[in-house]
Amino acid sequence: MINLSEKKEHLIEVKNVQRIFSMGEVEVQALKGANLTIDEGEFVVILGPSGSGKTTLLNQIGGIDTPTSGEVIVDGKNITDYSSDELTEHRRDTIGWIFQFFNLIPSLTASENVGLALEMAEDMEDWEIRAQEALALVGLGDKGDRFPAQLSGGEQQRVAIARALVKKPKIIVADEPTGNLDWKTGLEVAQVMKNLNQEEGITFAVVSHDISISEMANQVLYMHDGLIYDKPQSAESAPSAKKVVTE
Ligand SMILES: Nc1ncnc2c1ncn2[C@@H]1O[C@H](COP(=O)(O)OP(=O)(O)OP(=O)(O)O)[C@@H](O)[C@H]1O
Ligand SMILES: [Mg+2]
């Protein structure tokens, strides 16, 4: 039992996480002892050069991959110790994912694409109403019957956001969510995410190079060579340095 009188725990804690990929003789140290804490309701942006370990980090939080050493604690549970069944449950119930390429199924309507997340969770009750509600939250209440090819890039990404949020996850993890969109459309998609953060209380961990997204963050983290810093470590991530908001 959680003792409610105790100080509130962080929603996400990554503690000294290493992730080593072994490929024959060669070892790649993607994470070298990464640490971070994210509290409930935060909107956290992670910046860093290609290959610095950002996706590997999100995969640890999202239960897609497990650390070589260290601990990942999400919502008070040490997921490092999880069995594969427990990890499946974690991916399904606690985390919503948004990717750079929207990964919508072309032969399904927007509403059916969103409903698919419920079907996969074997939680189909009232799926059409819930899909419709999720689409309304991202401003697509009137476009549920459209197929992906009948939607703009920004609208397709908003369908993908609706698909991530229809299960009402505590946390949404996004890997370059605006990387495939022009600046203006990216800003609209970023604003949809920020609204969900503020109105629905969903915690966001977002990997992005997009300045408009880092401006929305209440914590900006910088990855460099498998480690996480609170200040930029390389010229590539430096332009956003002035955007850091300290609490
Ligand atoms: N499954 C894997 N097997 C072997 N090496 C991997 C694997 N996944 C990632 N790596 C390596 O780990 C390092 C970190 O990769 P990661 O994908 O986390 O970087 P990233 O910061 O997300 O980069 P990008 O901005 O290009 O997406 C890289 O050197 C990559 O080649
Ligand atoms: Mg990546």
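Considering only alpha-carbon pairs that sit under 8 angstrom and 6 or more positions apart, the relative contact order computed for the chain is 26 percent. Placing +1 on the Cβ of every Lys and Arg and -1 on the Cβ of every Asp and Glu, with nothing else charged, gives the chain a dipole about its Cα centre of roughly 660 debye. DSSP loop GluC sites (Glu not before Pro) in segment 16-119 with at most 12 other Cβ atoms within 10 Å of their Cβ, which ones? In loop regions of segment 16-119 (DSSP not H, G, I, E or B), the sparsely surrounded GluC sites (Glu not before Pro) are 25. Along segment 64-75 the Karplus relation, 6.51 cos²θ - 1.76 cosθ + 1.60 evaluated at θ = phi - 60°, assigns HN-Hα couplings of 7, 9, 10, x, 6, 8, x, 10, 10, 10, 10, 6 Hz to successive residues, with x for each Gly and Pro.
Counting charges near residue 16 (Lys, Arg +1; Asp, Glu -1) among other residues having Cβ under 11 Å from its Cβ returns a value of 0.
With contacts taken as Cα pairs under 8 Å at a separation of at least 6 residues, segment 1-87 carries a relative contact order of 34 percent.
What is the Cα centroid distance between segment 4-70 and segment 162-239, reported in whole angstrom? Here the answer is 16 Å between Cα centres.
Rounded to the nearest 10 degrees, the angle from helix 84-93 to the longest Cα principal axis of the chain is 50 degrees.
Extension gain, residue 168 to residue 81: 0.36 nm times the residue separation minus the Cα-Cα distance gives 28.9 nm.
Overall, segment 87-197 carries a charge dipole of about 360 debye about its Cα centre when +1 sits on the Cβ of Lys and Arg and -1 on the Cβ of Asp and Glu, all other atoms neutral. Loop exposure criterion: trypsin sites (Lys or Arg not before Pro), DSSP state outside H, G, I, E and B, at most 15 other Cβ atoms within 10 Å. Applied to the chain, the longest stretch between such sites is 9-247. When the charge dipole of segment 131-182 is built from unit charges on Cβ atoms (+1 for Lys and Arg, -1 for Asp and Glu) and taken about the Cα centre, the candidate among 137, 161, 171 whose Cα reaches farthest toward its positive end is 171. Remark: for residue pairs 168/231; 32/168; 15/231; 54/194; 143/194, the C-alpha separation exceeds 28 Å in 168/231; 32/168.
Taking amide H positions as modeled 1.01 Å from N, with prolines and chain starts lacking one, the residues under 5 Å from residue 42 and 5 or more places away or on another chain are 204. Net charge dipole, segment 35-103: roughly 360 debye, given to the nearest 20, about the Cα centre with Cβ charges of +1 for Lys and Arg and -1 for Asp and Glu. Between helix 183-200 and the chain there is an angle of about 90 degrees, using the helix long axis and the longest principal axis of the Cα atoms.
No lab work stands behind these numbers, since they all come straight from the coordinates. The structure presented is a predicted model; accordingly, all values stated were derived computationally and were not measured. With ideal geometry, Cβ positions are generated from the backbone for all residues, glycine too; neighbour counts draw on all protein chains shown.
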